[in-house]
Amino acid sequence: MGGISHLFSGMRASSSGLAAERLRMDVIARNLANAETTHTPEGVPYRRQVVWFESMLERAEGGPEVVGVKVRGVQPDMVSPMEKVLNPGHPDADASGYVTMPNVNTTHEMVDLISASRAYEANLSAQESFVSMAERALRMLQ
């Protein structure tokens, strides 16, 4: 019975990866959509959001075992600087004519989006393999 439980734990692990990467892609899409947003409802420029993952652990005989991933949180990127652009005619320009732009680098976001997409595809492929193995195991039991 250990094989079946390992099969299902593998399915749970890849399923958790699918959910985490899907959220990561949603956050990246939101970052891209707000790359030029200089005035949010809070009255400040949009700040890039970052998804933080955390390992899901389970007790095992040899110590903790990683059984998946979960989203620890989505937080604003406080490290990347906000760029100031001279644009005196802009409604959000300060007294010197500078507009504070979001700290969203579209090239960086597109690279992150490709990475998240590839990770999602890898988890989906693993999930399909687990389903295929489960189907074969069930056919063998018949």
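The values are calculated or read from the model by the stated rules, or taken from the named source; none is laboratory data. From a predicted model like this one, the values you see are computed outputs, not experimental measurements. For neighbour counting, all protein chains shown are included, and Cβ atoms are generated from backbone atoms with ideal geometry for every residue, glycine included.
Here are some notes:
- Tallying residues that are part of a helix (DSSP H, G or I) and either in contact (Cβ under 8 Å) with a residue 40 or more places away in the chain or polar (S, T, N, Q) (or both) within segment 87-109 yields 3.
- Looking across segment 28-83, the residues that are more than 30 Å from SER9 (Cβ to Cβ) and β-branched (Val, Ile, Thr) come down to THR37, THR38, THR40, VAL44, VAL79.
- Meets criteria (at pLDDT 95 or above and either exposed (fewer than 14 other Cβ atoms within 10 Å of the Cβ) or closer than 23 Å to ALA20 by Cα (or both)) for HIS90: no
- GLU21 among the charged types (D, E, K, R) and surrounded by 12 or more Cβ atoms within 10 Å (Cβ to Cβ): yes
- Looking only at segment 98-114, and only at residues there that are among the polar types (S, T, N, Q) and surrounded by 14 or more Cβ atoms within 10 Å (Cβ to Cβ), the one that is farthest from the chain's Cα centre (by Cα): THR100
- Looking across segment 51-77, the residues that are outside any loop (DSSP other than H, G, I, E, B) and either small (Gly, Ala, Ser) or within 18 Å of ARG118 (Cα to Cα) (or both) come down to VAL51, TRP52, PHE53, SER55, ALA60, GLY63, GLY68, VAL69, LYS70, VAL71, GLY73.
- Enumeration of residues in segment 110-142 that are part of a helix (DSSP H, G or I) and polar (S, T, N, Q): SER115, SER117, ASN123, SER125, GLN127, SER129, SER132
- Being under 24 Å from VAL131 (Cα atoms), modelled with pLDDT of 95 or more, acidic (Asp, Glu) and out of contact with any Pro (no Cβ under 6 Å at 6 or more places or on another chain) is a property that does not hold for GLU36.
- Enumeration of residues in segment 27-47 that are within 15 Å of GLN75 (Cβ to Cβ) and not in a loop (DSSP other than H, G, I, E, B): VAL27, ILE28, ARG30, ASN31
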